[in-house]
Amino acid sequence: MLDGDWEAAVKSLTMALRKRFTRVAALLTLAVLAILAAAPQAMAADGVGLWGRTDDLVITLWAFGVMGFLTILVIGLSVVQARAESRRDRARAKIEQAPRD
């Protein structure tokens with residue numbers, strides 16, 4: 001590799017790392033700000049938060065909601081993956097059937 005190519009590769013890698021670092025720093029800052037914004041509600045007195053008074057029924061319904069959401073998410077993502085694999089298999093079969101020169 002020539003010196004010019006080496007310098008261009010290093011410069012390209014440096015720019016890519018700088019972009020990635022900037023993106024990670026922005027996401028980290030956003031996460032910290034979200035946590036700081038939610039802190040007053042988390043420290044509410046007598047279990048009164050955003051939902052209202054938190055009792056056993058609220059916790060139970062919330063947990064069932066989370067379980068239902070995760071179940072639907074897994075099923076939905078499995079369907080998406082199956083369709084993507086089916087499309088990939090059809091494309092491979094089409095490529096294999098094409099005449100070769």
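Counting only alpha carbon atoms, the long axis of helix 56-97 and the longest principal axis of the chain meet at about 10°. Compute the Cα gyration tensor for the chain, then decide on rounded, prolate or oblate, letting a ≥ b ≥ c be the square roots of its eigenvalues: rounded whenever a/c is under 1.5, prolate when a/b is larger than b/c in the other cases, and oblate in all that remain. In terms of gyration-tensor shape, oblate.
Helical content of the chain, expressed as a calculated mean residue ellipticity at 222 nm, amounts to -30000 deg cm²/dmol (DSSP H runs of 4 or more residues, -39,500 (n - 2.57) each, divided by residue number, nearest 500).
Taken together, the values in this text are just the output of simple stated rules run on the coordinates, not laboratory data. Just so we're clear, the structure is a prediction, and the values are computed from it rather than from any experiment.
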